[in-house]
Amino acid sequence: MKTILIPPLLCSALAYAPVLDTVWTHGQVTLADTRRDDTIAAMAARILRENAGEFAVLGTSMGGYVALEVIRQAPERVTALALVSTSARADTAEQAQARARQSALVEDGQFTALVDAAFPGVVAAENESNGALLATWRAMAEPVGSAAFLRQQKAVVQRADLRSILPSITCPTAIIHGAQDRLIPLAAAEETAAALPTARFTVIEGAGHLLSHEQPAAARAAVSDWLESAF
């Protein structure tokens, strides 16, 4: 069975390096391209167009928004779903304003400054001074680049609220979230889990939004449990 990994906003394939081998041991792995479209619906449609048949899908953060949209567009093709560090809600007005400020900074030629400024928000407070994590974050962002980032921001800020589709999801589902996530609070994952009572809900301690890199062993264990239940 194929598993499609959908990366977070501003992240390259490196986002999944800590769990890639774990996923690969269960079959074919494909990384979705989220750099070319400026709507979540178009990103999901690209995945469905470029991948034949059935597949499992794991989406992190923005990738989770896309994964839910894939389910909305073609539920019969998704055999298993994992939602990592994500939410089914649309952006609040405050979040949209913050994204507008970030986009303005990038449009002003300050992409590198934006990447560094965003780092504290994507890790747990205890990891803010972790130089290795900062280097990894920079390495993930650099291949995405400013133009793709602006397209992704546009897609995210305009996305639909998909909480209404959650009760209709029947495939094996995992919800994985960092206990110290400050970008998408744990309450968002709890809300999703409440709407999906049969889902595997894993809270990873000592991790923020970048949980696969902050707590790789725990992330691998959670992903492995999900795949074992799905295949």
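Scan segment 200-231 residue by residue and report those that are open to solvent by 30 Å² or more (accessible area, probe 1.4 Å), in contact with a Leu (Cβ under 9 Å, 6 or more places away or on another chain) and in a strand (DSSP E or B).
Result: VAL203, single match.
Give me a count of the residues in segment 49-76 that are crowded, with 17+ Cβ neighbours inside 10 Å and farther than 28 Å from HIS213 by Cα.
Looking only at that region, the number is 1.
Does THR22 satisfy being open to solvent by 20 Å² or more (accessible area, probe 1.4 Å) and within 22 Å of PHE149 (Cα to Cα)? Talk me through it step by step, then tell me what you get.
Values: open to solvent by 20 Å² or more (accessible area, probe 1.4 Å): yes; within 22 Å of PHE149 (Cα to Cα): no.
No: the conditions fail for THR22.
Would you check which residues across segment 106-132 are closer than 15 Å to LEU10 by Cα, among the aliphatic types (A, V, I, L, M) and surrounded by 14 or more Cβ atoms within 10 Å (Cβ to Cβ) and list them?
Result: VAL106, LEU114, VAL115, ALA118, VAL122, VAL123.
Just checking, does segment 86-103 include any residue being open to solvent by 10 Å² or more (accessible area, probe 1.4 Å), in contact (Cβ under 8 Å) with a residue 24 or more places away in the chain, touching an Asp or Glu at 6+ places or on another chain (Cβ under 9 Å) and more than 14 Å from ALA155 (Cβ to Cβ)?
Checking segment 86-103: at least one residue is open to solvent by 10 Å² or more (accessible area, probe 1.4 Å), in contact (Cβ under 8 Å) with a residue 24 or more places away in the chain, touching an Asp or Glu at 6+ places or on another chain (Cβ under 9 Å) and more than 14 Å from ALA155 (Cβ to Cβ).
Can you list residue pairs whose Cβ atoms sit under 9 Å apart, with the first residue in segment 154-167 being of a type outside the set (A, V, I, L, M) and at pLDDT 95 or above and the second being part of a loop (DSSP other than H, G, I, E, B) and surrounded by fewer than 16 Cβ atoms within 10 Å (Cβ to Cβ)? Count only pairs 6 or more apart in sequence or on different chains.
If the second residue must be part of a loop (DSSP other than H, G, I, E, B) and surrounded by fewer than 16 Cβ atoms within 10 Å (Cβ to Cβ), the pairs left are LYS154/ASP38; GLN158/ASP38.
The values are calculated or read from the model by the stated rules, or taken from the named source; none is laboratory data. What you see is a predicted model; the values in this text were computed from it and never measured. Quick reminder, even Gly has a Cβ in these numbers, built from the backbone with ideal geometry, and neighbours come from all protein chains shown. Ligands, DNA and RNA are excluded from the accessible area calculation, which covers all protein heavy atoms including side chains. Shrake-Rupley method; radii C 1.70, N 1.55, O 1.52, S 1.80 Å.
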